[in-house]
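Q: Take a look at the following structure, please.
The values are calculated or read from the model by the stated rules, or taken from the named source; none is laboratory data. From a predicted model like this one, the values you see are computed outputs, not experimental measurements. Using ideal geometry, Cβ is built from the backbone for each residue, glycine included, and neighbour counts are taken over all protein chains shown.
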Amino acid sequence: MKLLLFASILCCAISLGFGLRATSLQCLKRVPSWSEINCQPHKEKVFATLDNVWAGNEIEEIGKWLNNPIPPEWTEQDLMDYCLYRECRVNQAMVDYMNLHGYPPYCMEQSPEEWINDRYWVRCKVRVNKTIELTPKEFSVYFCFKAYHQQQPTIPCPSFEEIMNPNHPRIQEMQKAKEVITDDAEPESEQWWVGLMRYISQNSAEKDHVPAFHYGWIINMDENDYKHMVPLWSPYQGPTVPVRRDFPRIVAAAKNDGGDITLGDYRHFHCAPGSHGCLRCEEFGPLAMYPRETIVLKPTIKHIVMAMTQHKHKVRQLERAVWKGAGKLKSHEYAHSIGKSHVGLDLSASLGE
């Protein structure tokens, strides 16, 4: 009898686990992440939920979120309403809430780099072993990942044994290990774009050998096909990268020699002319990082080269490095336009020029 009772409890637990996973999959089909949705009808309910998270009760509140499989009596409209509310908790309504109250207090207990590392390993754990469900503590990692509008580096998950090994490497170490240091990468290959970012980073260091460069990106200017040129596994990308809604703002600022841009569709920067023909974009607003960061951007023929620094006194160093990197890219673009299909770039650091 006890064995049958245990089996019954186990079956119920497994059923609930699959129900929770099914909820996520069903909602993902209906409301893709980062989507433009109207959160206004759900705002009051979302704000009440987030009040509890900000009060320090995130584990209790997230436990409620996880314990919500799809009831069999729900209609399609019921499911859609729930999925919209679910997405708003980590999307626009959450950004509106953060603009009033700042970042979730528990998310500020460690750096964005720590959260993206934690998120990578938690995500891999449930992807590699699909019988495992997230605990509230593990899902709280996902919530901070969303609060900082981070993008997961495109690094495949290792084996389950390595995932569960407490001495596994950090995701940043895995990103760096994927980088191949070469000056002869195939033009416009992943390693070629990463090499260009490495060149900018190296050239942003001066006598103290400390790069002004923190993170950087290269985007195209094709309004019909905006995209990142540098792969998301790049060690130079950082946890938060430009997203779809950032692209037109960045391109407009580059074309108009100034204006306001966003990063991750939630951090705000005001751009004005700087040195070396670059735009200097100073961070502002309630969700600015500490220390406030500065983005430097410079357009080429088809792209915009961007880099960010935390060092106010090194902005001119970074502008010079971005100018040099943009010049290398522009030379490649020009050579390609006149039919020279393979033009190698000298991406040696050229320190002290």
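Q: Restricting attention to the range 253-273, does a residue exist that is farther than 25 Å from Val95 by Cβ, modelled with pLDDT of 95 or more and surrounded by 14 or more Cβ atoms within 10 Å (Cβ to Cβ)?
A: Checked against the condition, which is being farther than 25 Å from Val95 by Cβ, modelled with pLDDT of 95 or more and surrounded by 14 or more Cβ atoms within 10 Å (Cβ to Cβ), the range 253-273 yields no hits at all.
Q: May I pose another question? Given the conditions (1) in a loop (DSSP other than H, G, I, E, B); (2) in contact (Cβ under 8 Å) with a residue 24 or more places away in the chain, report the number of the one that Phe143 does not fulfil.
A: For Phe143, the exception is condition (1).
Q: Considering only the range 304-325, state which residues are in contact with a helix residue (DSSP H, G or I) (Cβ under 9 Å, 6 or more places away or on another chain) and either of a type in the set (Lys, Arg) or buried (at least 23 other Cβ atoms within 10 Å of the Cβ) (or both). Give the derivation first.
A: The first filter runs over the range 304-325 and keeps only residues in contact with a helix residue (DSSP H, G or I) (Cβ under 9 Å, 6 or more places away or on another chain), leaving 304-309, 311, 317-318, 320-322, 324-325.
Ile304, Val305, Met306, Ala307, Met308, Thr309, Leu318, Arg320, Ala321, Val322, Lys324, Gly325, listed by residue number.
Q: So which residues in the range 147-184 are without any contact (Cβ under 8 Å) to a residue 40 or more places away in the chain and among the small types (Gly, Ala, Ser)?
A: Across the range 147-184, the qualifying residues are Ser159, Ala177.
Q: Being buried (at least 21 other Cβ atoms within 10 Å of the Cβ), of a type in the set (Lys, Arg) and touching a Phe, Trp or Tyr at 6+ places or on another chain (Cβ under 9 Å) is the requirement here; does Lys298 meet it? Write out each step before concluding.
A: Values: buried (at least 21 other Cβ atoms within 10 Å of the Cβ): yes; of a type in the set (Lys, Arg): yes; touching a Phe, Trp or Tyr at 6+ places or on another chain (Cβ under 9 Å): yes.
Judged against the criteria, Lys298 is a match.
Q: Can I ask one more? Of all the residues that make up the range 212-237, how many are closer than 20 Å to Val180 by Cβ and part of a loop (DSSP other than H, G, I, E, B)?
A: 10
Q: Same structure again: Restricting the range 112-165 to residues that are within 13 Å of the chain's Cα centre (by Cα) and hydroxyl-bearing (Ser, Thr, Tyr), which is nearest to Ile62 (Cα to Cα)?
A: Only one residue tops the list, namely Tyr142.
Q: Tell me, which residue of the range 170-197 that is outside any helix (DSSP H, G or I) and within 20 Å of the chain's Cα centre (by Cα) is farthest from Trp323 (Cα to Cα)? Don't jump to the end; show me each part of the working.
A: Within the range 170-197, the first condition is being outside any helix (DSSP H, G or I), and the residues that meet it are 170, 179-189.
Among the residues that remain, those that are also within 20 Å of the chain's Cα centre (by Cα) are: 170, 179.
Values: Arg170: 32, Glu179: 23 Å.
Per the stated criteria, the residue is Arg170.
Q: For Ile200, are the conditions met, namely being buried (at least 17 other Cβ atoms within 10 Å of the Cβ), hydrophobic (A, V, I, L, M, F, W, C), in a strand (DSSP E or B) and outside the structural domain of Pro112 (by TED's automatic domain parsing)? Step through it out loud before you land on a result.
A: Working: buried (at least 17 other Cβ atoms within 10 Å of the Cβ): yes; hydrophobic (A, V, I, L, M, F, W, C): yes; in a strand (DSSP E or B): no; outside the structural domain of Pro112 (by TED's automatic domain parsing): yes.
No; evaluated as a whole, the condition is false for this residue.
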